[in-house]
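One structure is given below, encoded as structure tokens.
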Amino acid sequence: MKYISTRGDPHQRSFCEILLEGLAPDGGLYLPLRYPNVDAATLGYWRLLPYPELAFEVLSLFIDDIPPADLRSIVAKTYTAEIFGTHAITPLKPLEPGLSLQALSNGPTLAFKDMAMQLLGNLFEYELARRGETLNILGATSGDTGSAAEYAMRGKHGVKVFMLSPRGRMSAFQQAQMFSLQDANIHNIAIEGVFDDCQDIVKAVSNDLEFKRRHKIGTVNSINWARLLAQVVYYFAGYFQASKSDEEEVSFAVPSGNFGNICAGHVARMMGLPIKQLVLATNENDVLDEFFRTGTYRVRGSAETHETSSPSMDISKASNFERFVFDLLGRDAARTKSLFKTEIEQHGSFAIGQEDFERIGEFGFVSGSSTHADRIATIRDTWQRHGVMIDTHTADGLKVAREHQEAGVPMIVLETALPAKFAETIVEAIGVEPPRPTAMQGIEQLPKRFTVMPADAQVVKRYIADNV
């Protein structure tokens, strides 16, 4: 299996080459040269497998430069009941006939990002040891990626983490999860700006190839293909739990900001998983919803990026979106590069043609948006009718899922975090303080360790150079 850039870089690369690299040298994102095809017989076999073995089977289709025995060991070490709370790893939680939540947030940081980040940490440690090298991870977080990455990488040999977050834009719990870590290999940088400023800095540093190579910079954001690949697995796991046969179609509703989570669903669908609809749900920052309704992708500036009660989706420049557009345009790298490098950088937006817009339906995508009032109503309704407490982002997904439900087609809403991470809004909705694990009690009162910086890539690069 070889990987190519969405912007046409002529060199094809192996999985382990792109594992440590992040962005392609031309600024594009990596995708497999082709998507493996999974037929009905394979689905029938996979249906019977426990999660770690299912993960090994899926990952093996994309990773051929790690010996199978080693990959199986890495996966088995990652997906355990001790780490994720249950042998099912991602069990379904039925709400009513035909509508379920898929529990993705039982990992160490109570967010779905753990599903991929725990694997990524083990893959990094394995490959770095094999090469005798070190890696300095640069990432950006709107709330959950940061803590998931730091908990996965803390204490890992040969790895340092430099995590950017928008100062004052996360929940107190999310901030405490990151800033309270005292591990010497973890560096938290609070950027004076919004998440998109943090993400722009990561891309600017990644595009400085000399700096990137000299300081061995890697990424854990969903621009890293390995992270997105790990997320593909739970679409198969959710499908098998919600369906009775391998021809039955299932739909997934996904709260979306950076497009990584739902892009994994797109990959699963391209592989042949019978997904009827991929329901994209945004909050008030509705850049992606606007695209799927109109065909126009218009990036918002910092001043137009709303601060909401589902803060992990307060994103107005979806870094993974380029992967889908590449496939939508028939894998035309030149057009993709023109849209994302020329049109976005010069004009801040692009519009696809009518023919391309009409093809969106072929990929199963539909969309909708949610507001704070919608979140409150959905959290309250779910608690009163089902006795189930959900977080704000999952509420966005559930609200939009109900708008696109079809008779006879099971709908799975991807749970993205546990309510404890957003207690203030939960209390507003239902008057009940969400429970939190014993290990997370009083986390907001722990000493914090972080550095405040302006939204300036040069300042961040100097800090990295001084601390590697």
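No value in this document is a laboratory result; all are computed from the given coordinates. Since we're looking at a predicted model, the values are computed, not measured. Quick reminder, even Gly has a Cβ in these numbers, built from the backbone with ideal geometry, and neighbours come from all protein chains shown.
General observations
- Nearest-20 debye value, the chain charge dipole, Cβ charges on Lys, Arg, Asp, Glu: 960 debye
- Which of GLY364, SER310, GLY330, positive extreme of dipole for the range 309-378 (C-beta unit charges): SER310
- Among TYR297, TYR463, a tally of other beta-carbon atoms within 10 Å of each Cβ gives an order, fewest to most, of TYR463, TYR297.
- Leading residue at positive end of dipole, the range 1-97 (Cβ point charges), from PRO97, GLY8, HIS87: PRO97
- Short-range pairs are left out: with C-alpha atoms under 8 Å and at least six residues apart, the relative contact order of the chain is 19 percent.
- Rounded FRET efficiency, nearest 0.05, which uses the C-beta distance separating THR342 from THR86 and R0 of 60 Å: 0.80
- Using Cβ point charges alone (K and R +1, D and E -1), the dipole size of the range 201-242 about the Cα centre works out to roughly 180 debye.
- Since only ALA439, TYR463, ALA417 are under comparison, the one whose Cα sits farthest along the positive direction of the charge dipole of the range 393-468, derived from C-beta charges on Lys, Arg, Asp and Glu, is TYR463.
- Rg and Dmax [Cα atoms of the range 388-468; Å; Rg one decimal, Dmax integer]: 19.6, 59
- Taking Cα centre as origin and charging only the Cβ of basic (Lys, Arg, +1) and acidic (Asp, Glu, -1) residues, the dipole magnitude of the range 126-189 rounds to 80 debye.
- Evaluating kT/(6 pi eta Rh) at 4 °C and 1.567 mPa s, with the Kirkwood radius of the range 1-156 over Cα pairs in the Stokes-Einstein relation, gives 75 µm² s⁻¹.
- Each residue, GLN405 and ASN37, gets one label point 7 Å from its Cα in the Cβ direction; the gap between the two is 3.6 nm.
- Estimated purely from DSSP H runs of n ≥ 4, each contributing -39500 (n - 2.57), the mean residue ellipticity at 222 nm for the chain is -12000 deg cm²/dmol once divided by its residues.
- Spacing of the two label points (7 Å from each Cα toward its C-beta) at SER245 and ARG462, in nm: 6.7 nm
- Annotation: peptides 193-201, 126-134, ranked by per-residue average of other Cβ atoms within 10 Å with the highest first, follow the order 193-201, 126-134.
- Peptides 56-67, 340-351, 248-259, 13-24 ranked from most to least packed give 248-259, 13-24, 56-67, 340-351, packing being the mean of other C-beta atoms within 10 angstrom over each peptide's residues.
- Span from the the range 245-262 Cα centroid across to the the range 300-376 one, whole angstrom: 17 Å
- Spread over its residues, the convex hull of the C-alpha atoms of the range 247-405 is 110 Å³ per residue.
- Bridges between two residues of the chain, per DSSP, are antiparallel at a rate of about 25%.
- Highest mean packing comes first when the peptides 216-229, 141-154 are listed by Cβ atoms within 10 Å, giving 141-154, 216-229.
- Within-15-Å neighbourhood charge of LEU209 [Cβ basis; K, R +1; D, E -1]: +2
- Cα point-scatterer Debye curve for the range 359-434, base-10 log of I(q)/I(0) at q = 0.14 Å⁻¹: -0.47
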